[in-house]
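The values are calculated or read from the model by the stated rules, or taken from the named source; none is laboratory data. Quick caveat: nothing in here was measured; it's all calculated off a predicted structure. Glycine also receives a Cβ, built like all others from the backbone with ideal geometry; neighbour counts cover every protein chain displayed. Each accessible area value is taken on the protein alone, full model and side chains, heavy atoms only, with ligands, DNA and RNA left out. Shrake-Rupley method; radii C 1.70, N 1.55, O 1.52, S 1.80 Å.
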Amino acid sequence: METTTSSSVSDFDTNTNSNSNSSSSPHTSNSTAYGVNLSPLRVFRYPLSTFLEYSGLLRVRPENPETDLLLPDNPTPNSSESTTSSNGEVSIRIIGSGENDRIRSDDGSVMDGGEREEERGSNVEGSTSSGSGNNRDSSYQRYDIQQVARWIEQFLPFSLLLLVVFIRQHLQGFFVVIWITAFMFRSNDILRKQTALKGERKITVLLGYFLVFMIHISGIYWWNRKDDIFYPLLMVPPKVIPPFWHAIFIILVNDTMVRQAAMTLKLVLLMVYKNGRGHNLRRQGQLLTLVEYMLLLYRALLPTPVWYRFFLNKDYGSLFSSLITGLYLTFKLTSIVEKVRSFLTALKALSIKEIHYGSHATPEQVNAAGDLCAICQEKMNTPILLCCKHIFCEDCVSEWFERERTCPLCRALVRPADLRSFGDGSTSLLFQLF
């Protein structure tokens with residue numbers, strides 16, 4: 001025999017609760033969002049914790065971290081509360097005495113009531129323990145994240161103060177580094193644009209940029225004439241052992257100014273090959289690439305005198321300083337070997353006069369192809385036959401292979417991937433600090 005009794009929550013209480021919630025929500029939404037207090041004072045004091053709580057990675061914690069207790073994220077409610085609050089109904093099942101002793105299981109076997117209750121209790125206990133274990137681990141992980149966030153927030157203001165003091169102590173150095181870096185980036189853009197103009201370049205404009213670059217280099221070295229930055233240019237160590245940040249400053253200034261000087265040399269090449277077409281245009285790209293790889297080799301050697309003088313400090317002991325200096329020179333030698341190989345490859349490519357990605361096409365081959373360049377859509381000028389049997393203008397295909405290695409039509413590999421080309425006039429913008 002089985003009897004079920006049901007009762008529901010009254011409509012009056014439901015309406016009362018909904019009205020009270022709706023009336024209080026506009027007031028709380030002004031100062032909170034998703035349960036997080038977004039007041040300016042809290043954001044200023046705890047920026048990282050506020051962000052993590054707003055994003056949902058952490059639970060909302062009290063304002064005072066010392067009173068924060070480690071509580072589970074999803075506390076397990078009591079059985080009575082979960083039963084009565086789910087749907088507002090209570091179900092009661094009454095089982096007779098005969099049915100209580102022997103109950104048929106789902107698989108058809110007959111079990112005693114005691115065994116049935118024991119199995120049910122073990123299943124409930126296992127699921128409850130596993131759920132509580134997962135909640136406990138999640139709570140501990142979130143608590144650790146919040147503790148780290150609190151520590152960072154306590155350390156951040158002091159770090160900002162130290163950074164401000166450090167910038168104030170080296171204000172001139174910061175200003176010089178920011179200025180020469182911005183000037184170099186702008187100069188690189190100017191050089192690339194002038195290279196792309198080809199025959200439309202003007203000698204007066206190139207000469208004006210050349211003078212501006214030279215004046216800029218001279219002004220920077222005159223401004224820092226007392227900082228011992230000239231000796232590393234000649235591969236000579238500084239007279240005195242430079243402090244760490246001064247060594248970084250010397251290397252940054254010399255590295256940037258050497259690239260600026262290389263840009264002036266590239267401007268001279270653009271003046272020489274102003275009206276270059278065909279063979280001259282290809283030769284211009286090879287020379288620009290050679291200048292860049294020569295610059296990379298020199299820049300790899302440039303920091304060596306500074307760090308050699310810095311590491312060879314007898315105050316640390318002769319054995320220790322000699323060991324550190326030897327290790328640095330060994331590491332530097334391995335990087336220099338790669339730069340030397342790239343420079344020799346660029347020099348070898350300059351000595352090859354024939355076209356290494358094709359040959360000049362005959363009139364019969366041009367007529368068979370249609371006498372129309374697929375790149376510029378005009379009549380072919382000095383047509384070049386690639387190894388994939390497609391024909392293009394020499395100017396067009398030379399410019400194409402400054403950026404790509406495949407055929408413009410069939411995408412077949414035409415140019416071997418042996419060396420990166422800098423024929424567009426660009427300069428490597430990464431700093432060489434070590």
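Structure summary
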quantity: FRET efficiency, residue 185 to residue 230 (Cβ-Cβ, R0 25 Å, nearest 0.05); calculated: 0.50
quantity: Computed accessible area, residue 428, all protein chains, 1.4 angstrom probe, square angstrom; calculated: 30 Å²
quantity: Residues residue 168 and residue 433, FRET efficiency given R0 of 22 Å [Cβ-Cβ distance, rounded to 0.05]; calculated: 0.40
quantity: Inter-centroid distance (Cα atoms) of segment 363-434 relative to segment 223-276, Å; calculated: 35 Å
quantity: Residue 202 - accessible surface, heavy atoms, 1.4 Å probe, Å² rounded to 10; calculated: 130 Å²
quantity: Distance (nanometres) between label positions extended 7 Å along Cα→Cβ at residue 379 and residue 192; calculated: 3.6 nm
quantity: Rounded to the nearest 10 Å², the accessible area of residue 402 at probe 1.4 Å; calculated: 50 Å²
quantity: Assigned charges on the beta-carbon of Lys, Arg, Asp, Glu; segment 376-434 dipole about Cα centre (debye); calculated: 260 debye
quantity: Largest-first ordering by accessible area, 1.4 Å probe, given options 382, 256, 181; calculated: 382, 181, 256
quantity: 32 Å Cα-Cα threshold exceeded, pairs from 198/339; 193/339; 226/266; 274/332; 193/226; 193/379; calculated: 274/332; 193/226
quantity: Surface share of carbon and sulfur [accessible, 1.4 angstrom probe, percent] for segment 190-316; calculated: 69 percent
quantity: Cα-only radius of gyration and Dmax that characterise segment 281-434, units Å; calculated: 22.6, 78
quantity: Radius 14 Å from Cβ of residue 268, net charge of other residues (Lys, Arg +1; Asp, Glu -1); calculated: +3
quantity: Within segment 394-429: backbone nitrogen closer than 19 Å to the residue 371 label point (7 Å, Cα to C-beta); calculated: 394-395
